[in-house]
1. Name, by its number, the condition in (1) more than 17 Å from Val125 (Cα to Cα); (2) of a type outside the set (Asp, Glu); (3) modelled with pLDDT of 95 or more that does not hold for Gly162.
2. Identify the residue in the range 85-101 that is assigned to a loop (DSSP other than H, G, I, E, B), among the small types (Gly, Ala, Ser) and more than 16 Å from the chain's Cα centre (by Cα) and, among all such residues, is surrounded by the most Cβ atoms within 10 Å (Cβ to Cβ).
3. Evaluate the following for Thr252: is it open to solvent by less than 60 Å² (accessible area, probe 1.4 Å), among the hydroxyl-bearing types (Ser, Thr, Tyr) and closer than 21 Å to Leu59 by Cβ?
4. Looking at Ser137, Ser155, Ser123, Ser145, which is the one that is surrounded by 21 or more Cβ atoms within 10 Å (Cβ to Cβ) and on the phi < 0 side of the Ramachandran plot?
5. Output the residue which, of all residues in the range 60-84 that are modelled with pLDDT of 90 or more and either open to solvent by less than 30 Å² (accessible area, probe 1.4 Å) or aliphatic (A, V, I, L, M) (or both), is nearest to Val160 (Cα to Cα).
6. So which residues in the range 10-41 are of a type in the set (D, E, K, R) and not in a helix (DSSP H, G or I)?
7. Quick one: which residue in Ala225, Ala190, Ala199, Ala207 is small (Gly, Ala, Ser), over 28 Å from Glu15 (Cα atoms) and either surrounded by fewer than 22 Cβ atoms within 10 Å (Cβ to Cβ) or in contact with a helix residue (DSSP H, G or I) (Cβ under 8 Å, 6 or more places away or on another chain) (or both)?
8. Could you grab me the full set of residues in the range 8-31 that are open to solvent by 60 Å² or more (accessible area, probe 1.4 Å), at pLDDT 90 or above and more than 11 Å from Tyr139 (Cα to Cα)?
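The values are calculated or read from the model by the stated rules, or taken from the named source; none is laboratory data. None of these values were measured; they are calculated from a predicted model. Heads up, the Cβs are rebuilt from the backbone with ideal geometry, glycines too, and the neighbour counts pull from every protein chain shown. SASA here: full protein model, heavy atoms, side chains in, ligands and nucleic acids out. Shrake-Rupley method; radii C 1.70, N 1.55, O 1.52, S 1.80 Å.
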Amino acid sequence: MSGTRLKEFAAALDEAALTRSTLASGSSGLTGVDEAYEAQEALVARQLGRGARLTGFKLGFTSTAKMRQMGVHDLIHGRITDRMRIADGGTFDAGTLIHPRVEPEVAFLLGGPLGPDTVDPLSAVAAVAPALEVIDSRYDGFTFSLPEVIADNTSAAGYVLGPWREPLELADRGVLLEIDGRLVEAGSTAAILGHPLRALAAAARLAPRGVLDAGTVVLAGAATAAAPLPPGVHVRATVSGLGTVGFSTVRTPREEA
């Protein structure tokens, strides 16, 4: 696919997000992963052109549950920006999205550069936190090919970070996802590639331009399957020994009436 066609497809994805419309899966013409990441870069560039600022790096399909849910089998990555940030305990208008879902994660805050030459990825970590990620596909029915979801910036839509704390052992910690106090998903940090640190090592290998800088937030990937995110609810994730993180979605005008 030509560079012009890739930019046109990135523009179509961008417009779909802005107008809450969808594209048909299979309409992209993407032939492989390399093209898909070029389209992703063009998509993110459009967001940065409107004033957004890069804040982090996210990994996708790091859990068996996530791979099974989405019908794909490869680790992927995308970018997050300051305009996707939702305050812990804050509110978010899910009505701005198409078919939003939410999933619990573990986040790392880098205190130093992380790249392929980093012998011990944990040495680059300043802090860890429980996190929630809001995802939203710009394709009909949340259905897509691997190149298509990569081009769509791995369905990135929003993220919430809980309180940061000093790095601690993250192996096999229980993870709960609740909506309005009702348990909707339960899992373990072991679902993230067996151990979240493996996701950090993967981020080191996959880092764009070879390195992730200090201050970068790394979302390690989902610990459970994603749950639908309706309006007018409170969402909370708990990672055993690490803490909790949450936010609320605003009610629709009909619900408020």
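1. (1)
2. Of the range 85-101, the ones assigned to a loop (DSSP other than H, G, I, E, B) are 87-90, 93, 97-100.
Still in the running and among the small types (Gly, Ala, Ser): 87, 89-90.
Add one more test, that the residue is more than 16 Å from the chain's Cα centre (by Cα), and what stays is 89-90.
Details: Gly89: 13, Gly90: 11.
The extreme case among them is Gly89.
3. So Thr252 fails the test.
4. Numbers: Ser155 fails: on the phi < 0 side of the Ramachandran plot; Ser123 fails: surrounded by 21 or more Cβ atoms within 10 Å (Cβ to Cβ); Ser145 fails: surrounded by 21 or more Cβ atoms within 10 Å (Cβ to Cβ).
From the options Ser137, Ser155, Ser123, Ser145, the qualifying one is Ser137.
5. First, the residues of the range 60-84 that are modelled with pLDDT of 90 or more: 60, 76-84.
Checking which are either open to solvent by less than 30 Å² (accessible area, probe 1.4 Å) or aliphatic (A, V, I, L, M) (or both) leaves us with 60, 76-78, 80-81, 84.
Details: Gly60: 16, Ile76: 20, His77: 18, Gly78: 16, Ile80: 11, Thr81: 12, Met84: 9 Å.
Residue satisfying both the conditions and the ranking: Met84.
6. Arg20
7. Step by step, each of Ala225, Ala190, Ala199, Ala207 is checked, and only Ala190 is small (Gly, Ala, Ser), over 28 Å from Glu15 (Cα atoms) and either surrounded by fewer than 22 Cβ atoms within 10 Å (Cβ to Cβ) or in contact with a helix residue (DSSP H, G or I) (Cβ under 8 Å, 6 or more places away or on another chain) (or both).
8. Glu8, Glu15, Leu18, Thr19 - these are the residues of the range 8-31 that are open to solvent by 60 Å² or more (accessible area, probe 1.4 Å), at pLDDT 90 or above and more than 11 Å from Tyr139 (Cα to Cα).
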